[in-house]
Structures are given as C-alpha cells and as structure tokens.
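Q: This is the structure, below, for whatever I ask next.
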Amino acid sequence: MMTQKIGIGRAHSKIILIGEHSVVYGYSAIALPLKNIEVVCQVQASEAPLTINIDDPLSTAVLAALEFLDRSDQNISVKIESNVPAKRGMGSSAAVAIAAIRAVFDYFDQPLSILDLEMLANQAEIIAHENPSGLDAKTCLSDTAIKFIRNLGFSEMAIDLGACLVIADTGIHGHTREAVAKVRELEEKALPYLHHLGNLANAIEVGILAKDLSVIGQAMNRAHQELDRLGVSSPEANHLVQVAQSRGAMGAKMSGGGLGGCIIALCRNQEQAETLALELEKEGAVNTWIENL
C-alpha cells in the first residue's frame, strides 16, 4: 500500500529592474521579487523511479534534494504548475528549482534551512545556466528587492513607492547567452554604454531611496536606449517600450538578457497600470502582470 502523502513547495518569480549586461562588468543590478507570479510543485510516491532529464531544472533540483537527503533510491513522481513563462528573464528555472526542493523536503517531513535551500537551488541553476550569478535564486527566495554587485555580493533593498510595475511578455524567448556574447564581441565599443548603464543603476537606486518616480522612470527610458544601442533589445521589445512611453508610463525598458523576453513599465498607480496592461496586450504582448512597488 503506497502512502498518499503529498509534499508541496512554492516559489515566486523575479524580474530585473536595472543592471542587465552592465552587472557582468562590475556595476550594480537591482532585481525585484514578483510575489504574485508563482510556481507550485507536488511530490508523491510512485510505482516507477523518477526519470531524470539533466537539461530540466525540475529534474536537477529534485535530484539535488534527494541526494542531499540521502533518498536517491525513493520512487517519487513530481508535478509542477507554473505561471512563470520560461526563457523570459523571470527566473523560471530558479523558481521551479526552489519549489521542487521545498516539495521534496516537505514530502519527507525534513526541515529545510534557507541556506541549504539556496545552496541546492544554485546547484540546480548551475546545470541549467552554466555560470549563474545566484541573483535569480536569491530574488526568488526574497520578499524584498535585491541589489547585486559582482564580487561584492547581495544586499536587500526596501522599496515602497506606492507605484506599480507592468511586466509585458513579448512572446519571444530571450537569448541571454547570445546577448552576452554580442556585448563581449563589441569589446571597447561597448564600454561607454555599459558605463552609462552603471550610472543609471545608481540613479534608480537614488530615486528609490527618495521615492522619486520621475527619476526612476527617466533612468529606465535611458537604460532602454543604451541596451538597444548595445544590440541586445528586439523589435518586439522596442515596440512595446514605445507603446508604454507614449501611453503615459513614467518609464519603460526591456528587462533581462534580451533578444526577446519581457519589458517593464513604471506606472503611478494601479488604475494606470491596468489600462496600460490592456494597451500592451492589444499591441502584441502575449501576457501582462502587475506588481505593486
């Protein structure tokens, strides 16, 4: 008789506010948790052993958790329900990994410290992304914004702007690896753009501390221009950014590695955000979400 115990784990997604690409060169990046966009994982007993696909963040996370608990010989089945689209810069693989690890530990009634969870999630992320910064996992585990500087690490940032962020999906997979390679190939030519992006990240941080939406919005608009000049935006992202700017958003830019993925737009309030989200869907966004800032 198989036990009917079901282990459940959840995690939320994330989005980059500022710092794409320039973060690789030592400038700061700020990522936001998207607490309303969730992944839920269920683990239960199974007759057959789990099939592991090494290219799948779910498999690698479950495997890491089982090995950590010394339960690799247990037959389990795993079911995932995700509202986080993959390959859009929203931390899908990190969120899936965190939810899966939590579900495995819950299934075996084992305590799970945040340190072990982060370590296991990063282990799974390394397989999915070769050389992740850890920012995705850190932000998907956090309730507050996370600032990251390479070689200096992470710090939490309280954001309380009374504003809203609209996230709009272009419907096109982002291609982070190709985008990073593109910037690298520019060599010296990329440096002025990266430097500007670094300064804009600092400006946004100042705007957040001062609760000044116009400073944040203007920096977002300029950051999008710099990213587009670096060649990492896409026609679809440019179109949605232009729509957001022309429909009264305080600021708008692409988010994530680029060459697809999502754009983000800063709105004064929920009402403006809801109106803009509908406009963006009319103009080609395949999905939109609204997050309170």
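The values are calculated or read from the model by the stated rules, or taken from the named source; none is laboratory data. Keep in mind that what you see is a predicted model, and the values were worked out from it rather than measured. No Cβ is skipped: glycine too gets one built from the backbone with ideal geometry, and neighbour counts run over all protein chains shown. Heavy atoms of the whole protein, side chains included, go into the accessibility calculation; ligands, DNA and RNA do not. Shrake-Rupley method; radii C 1.70, N 1.55, O 1.52, S 1.80 Å.
Q: Determine the share of the stretch 6-155's accessible area contributed by carbon and sulfur atoms, expressed in whole percent, with a 1.4 angstrom probe. Show your work: numbers first, answer last.
A: Values: 3170 of 6560 Å².
It is 48 percent, rounded to a whole number.
Q: Taking only DSSP H segments of four or more residues, each worth -39500 (n - 2.57), what value at 222 nm results for the chain once the sum is divided by all its residues, to the nearest 500 deg cm²/dmol? Present the calculation step by step, with values, prior to reporting the outcome.
A: Working: 9 runs with 123 residues, N = 293.
Taking each H run of at least 4 residues, the total per residue is -13500 deg cm²/dmol.
Q: Sort the following peptides by mean Cβ neighbour count (other Cβ atoms within 10 Å, averaged over residues), highest first: 82-89, 180-187. Numbers along the way, then the final one.
A: Details: 82-89: 19.5, 180-187: 13.8.
Packing order, densest peptide first, comes out as 82-89, 180-187.
Q: Would you mind working out the magnitude of the charge dipole of the stretch 6-155 relative to its Cα centre, with +1 at each Lys and Arg C-beta and -1 at each Asp and Glu C-beta, to the nearest 20 Debye? Provide the component values of the computation, followed by the final result.
A: Values: 11 positive and 17 negative charges, 127 e Å.
Computed charge dipole of the stretch 6-155: roughly 600 debye.
Q: Where the accessible area of the stretch 159-292 is counted over protein heavy atoms with a 1.4 Å probe, how much of it, in %, is carbon and sulfur? Show your work: numbers first, answer last.
A: Numbers: 2970 of 6080 Å².
On the stretch 159-292, the fraction of accessible area on carbon and sulfur atoms equals 49 percent.
Q: Moving on to the next point. In debye, nearest 20, what is the charge dipole magnitude of the chain about its Cα centre with +1 on Lys and Arg Cβ and -1 on Asp and Glu Cβ, if you could check?
A: Numbers: 23 positive and 35 negative charges, 108 e Å.
Computed charge dipole of the chain: roughly 520 debye.
Q: Restricting to Cα pairs below 8 Å that are 6+ residues apart, what does the relative contact order work out to for the chain? Please round to a whole percent.
A: Working: 665 pairs, mean separation 64.3, N = 293.
Averaging sequence separation for qualifying contacts and normalising by length gives 22 percent for the chain.
Q: Using Cα positions and a limit of under 28 Å, work out the lysines in reach of Lys282, with same-chain residues fewer than 8 apart set aside.
A: Partners found: Lys14, Lys35, Lys87, Lys253.
Q: Next up: How big is the equivalent ellipsoid of the chain along its three axes, where each semi-axis is √(5λ) from the Cα gyration tensor, reported in whole Å from largest to smallest?
A: Values: eigenvalues 240, 80, 60 Å².
Semi-axes, largest first: 35, 20, 17 Å.
Q: Identify, among Tyr25, Val215, Leu197, the residue whose Cα sits farthest towards the positive end of the charge dipole of the chain, taking +1 on the Cβ of Lys and Arg and -1 on the Cβ of Asp and Glu, with the dipole about the Cα centre.
A: So the residue furthest toward the plus end is Val215.
Q: Show me the trypsin sites (Lys or Arg not before Pro) within the stretch 1-56 that DSSP assigns to loop and that have at most 16 other Cβ atoms within 10 Å of their Cβ. Please report the intermediate quantities before stating the final value.
A: Working: sites: Lys5, Arg10, Lys14, Lys35; in loops: Lys5.
Counting only loop positions with at most 16 other Cβ atoms within 10 Å, the trypsin sites (Lys or Arg not before Pro) in the stretch 1-56 are Lys5.
Q: How high is the relative contact order of the stretch 159-292? Use alpha-carbon pairs under 8 Å, at least six apart in sequence, and give a whole percent. If you can, show how the numbers build up before the last one.
A: Numbers: 257 pairs, mean separation 55.8, N = 134.
Normalised by residue count, the contact order of the stretch 159-292 is 42 percent.
Q: For the chain, what does the accessible surface come to per residue with a 1.4 Å probe? Please give it in Å². Mind showing how you got there, number by number?
A: Working: 13470 Å² over 293 residues.
Counting only protein heavy atoms, the per-residue value for the chain is 46 Å².
Q: Additional query: List the aspartates and glutamates whose Cα lies under 20 Å from the Cα of Lys211, skipping any in the same chain that are fewer than 8 positions away.
A: Cα-Cα hits under 20 Å: Asp143, Glu156, Asp160, Glu271, Glu291.
Q: While we're on this one: Considering the dipole of the stretch 113-252 built from charges on the beta carbon (Lys and Arg +1, Asp and Glu -1) around the Cα centre, which of Leu165, Thr139, Gly251 is farthest to its positive end?
A: Result: Gly251.
Q: Return the Cα extents of the stretch 172-273 along principal axes one, two and three, sorted largest first, each rounded to a whole Å.
A: In descending order, the Cα extents are 41, 29, 18 Å.
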